[in-house]
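The values are calculated or read from the model by the stated rules, or taken from the named source; none is laboratory data. As the structure is a computational prediction, the values presented were derived from the model and not from experiment. As a convention, Cβ positions derive from the backbone with ideal geometry for all residues, glycine included, and neighbour counts pool all protein chains shown. Heads up: the accessible areas ignore ligands, DNA and RNA and are worked out on the full protein's heavy atoms, side chains in. Shrake-Rupley method; radii C 1.70, N 1.55, O 1.52, S 1.80 Å.
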Amino acid sequence: MMRVAALIFGSMALAAPMATPASAQSQERTERGDEQQIGTRFKRKAETPSVTETRLMQKSVARCVVYRNKDLSRDLLANSDTMGIDFYKVEDLDADGMFDELDVADCLGRAAKFRTLSIRMTIPLRTLRNLMAEEVYLMDQEDPLALTADAPEYLENRYYATGRHPGAVSTAKLSDCIVRHGTASADALLRSRPGSDDENEAIDALSPALVKCAGEGIADAEISTSMVRTVVADGLWARMHYGPTAPVAAVDEETKDDDA
């Protein structure tokens, strides 16, 4: 079973955290009841200010981890998938020592400083890995990713750490497809601040690609913003990492980036 780290830290703040501007925006949207905005073709799960604040905290932690451990972070992603990490292939890293090696505790303490009296954050290993995919992509891909006309629908040269676990494969297929048909919107989503209007606009713009790739049945499901962001992060990182060596596809007008 994958180890879960429960981290509890105190900070020097003298008061409980107040809502950030991003949280206030989320609260306003929740009160208006417009999480499913005009033009959005799937239901988005309403997000409370506390959930937005947690996503902001997670992003801060992951960014700190990645920038402190650039090469190790890249190596970890190259030997993992959304379901697990192949620790046998990641030098000087194991499941029990991963959080210590990546300085997760200190990064969490720094993210919490001046914001809360204390914080308890539970992060499964694979959740941290998926958060890191977003930050490594943003670190290494300075400009928005652009795909060529012959970029394949799916990256058949992906590495699967879990022996092609059905969950990892299906997520990879979905990620590849969404990024193939909504590259610009996917990139805009990762460059947006969690809980911001920019994030909501990027998801709205990405929804045609999401519906195309996940099927019309997704219109009846409630999808969380964090889940969309996770899938997109995996897809964009994979395009950046595996794309240059992936077998090209026959050029077809229908496979071109729909929102390039």
Taking the range 143-172 as the search range and keeping residues that are farther than 15 Å from Arg229 by Cα and assigned to a helix (DSSP H, G or I), which one is nearest to the chain's Cα centre (by Cα)?
-> Ala168
Among residues of the range 140-195, those that are of a type in the set (Gly, Ala, Ser) and open to solvent by 30 Å² or more (accessible area, probe 1.4 Å), counted | 6
So Val179 clears everything in (1) at pLDDT below 95; (2) touching a Gly at 6+ places or on another chain (Cβ under 8 Å) except one condition, right? Which one?
-> (1)
With respect to Glu134, determine if the residue is charged (D, E, K, R), in contact with a Lys or Arg (Cβ under 9 Å, 6 or more places away or on another chain) and surrounded by 17 or more Cβ atoms within 10 Å (Cβ to Cβ).
-> yes
With the checklist (1) of a type outside the set (S, T, N, Q); (2) out of contact with any Cys (no Cβ under 7 Å at 6 or more places or on another chain); (3) open to solvent by less than 60 Å² (accessible area, probe 1.4 Å); (4) at pLDDT below 95 in hand, flag the one item Ala202 doesn't pass.
-> (4)
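So which of Tyr137, Tyr67, Tyr154 is more than 16 Å from Tyr242 (Cβ to Cβ), at pLDDT 95 or above and among the aromatic types (Phe, Trp, Tyr)?
Every option except Tyr67 fails the conditions.
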Kindly provide the set of residues from the range 70-105 that are farther than 26 Å from Gly163 by Cβ and either surrounded by 19 or more Cβ atoms within 10 Å (Cβ to Cβ) or aromatic (Phe, Trp, Tyr) (or both), ordered by number.
-> Val104
